[in-house]
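Trainee: Mind looking over this structure? Questions follow.
The values are calculated or read from the model by the stated rules, or taken from the named source; none is laboratory data. Bear in mind that the values here come from a model prediction, so they are computed numbers and not experimental data. Using ideal geometry, Cβ is built from the backbone for each residue, glycine included, and neighbour counts are taken over all protein chains shown. These area figures cover heavy atoms from the full protein model, side chains too; ligands, DNA and RNA do not enter into them. Shrake-Rupley method; radii C 1.70, N 1.55, O 1.52, S 1.80 Å.
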Amino acid sequence: MSPDRWTHRSSCTGSGERTDGIDLLRHSCLRDRQPNAHPDKDTDDDEPRYVVAAITALAAGALTLGLSGIASAGTLPTTGNTITMTISNDTEQTIRLEGADNPYGQWMQNPRQSLAPHETEIVTAYNEDPRGLTVDVVYSTPGGGQAVFMANDYPQFDTDGTRTTDPDHYFISSYIDGYYPNLSVGYHLSAV
């Protein structure tokens, strides 16, 4: 007979005795067990808690890292034009900010004063003008050159104007990942 709420066939004594709910709680083999535990199986109450705690800690850490990445880019407006520039310094030298132009809009996330070797930044800009937006960020390279990162968010979007003034030592590759009116561009500054 299977156990139900009020009766239980004792499996610890093997006697087949039946008990009511009150006696069941006093029964020696069931007294210290979890409510849904099988009386013949040994249970380890701590193991599930450790697994749940570890999973919770990993999930919290992943969420924190993900949100910090989103926060560093700023929250872009949903109307008007936006430009997101991901600039990577893939060289062995630090580059230093010389200037940044955004004549027709505002910066959400300004360019950093310097980018260390193999460091990446996200620069964001926006405006409410439906005609478009142009921005550029200029870093100096060691040896007196410049790396110019340019983005043009118009119906004929492009990165025209992106260049280095020291092409014998540095090269910029760019890719477009999002399009007008929400242009997303990535740049990699590399040594030749």
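Trainee: Output the strands (runs of 3 or more DSSP E) that fall wholly within segment 80-130 and possess 2 or more residues being hydroxyl-bearing (Ser, Thr, Tyr), or say none. Please lay out each step first, then the result.
Mentor: On the way: elements: 81-89, 95-101, 106-109, 120-127.
Once the strands (runs of 3 or more DSSP E) in segment 80-130 are filtered for at least 2 residues that are hydroxyl-bearing (Ser, Thr, Tyr), what remains is 81-89, 120-127.
Trainee: Only residues that are touching an Asp or Glu at 6+ places or on another chain (Cβ under 9 Å), surrounded by fewer than 18 Cβ atoms within 10 Å (Cβ to Cβ) and at pLDDT 95 or above: list them for segment 87-108, please.
Mentor: 88, 94, 99, 100, 101
Trainee: Consider segment 169-181. How many of its residues are at pLDDT below 95 and open to solvent by 40 Å² or more (accessible area, probe 1.4 Å)? Don't jump to the end; show me each part of the working.
Mentor: Just the residues of segment 169-181 that are at pLDDT below 95, to begin with: 177-181.
Narrowing further to those that are open to solvent by 40 Å² or more (accessible area, probe 1.4 Å): 177, 179-181.
Qualifying residue count for the region: 4.
Trainee: Restricting the search to segment 132-147, which residues are farther than 14 Å from residue 184 by Cα, among the hydrophobic types (A, V, I, L, M, F, W, C) and buried (at least 19 other Cβ atoms within 10 Å of the Cβ)? Walk me through it before giving the result.
Mentor: Initial filter on segment 132-147 (farther than 14 Å from residue 184 by Cα): 137-147.
After this cut, where a residue has to be among the hydrophobic types (A, V, I, L, M, F, W, C) as well, the list is 137-138, 147.
Listed by number, the residues that qualify are 137, 147.
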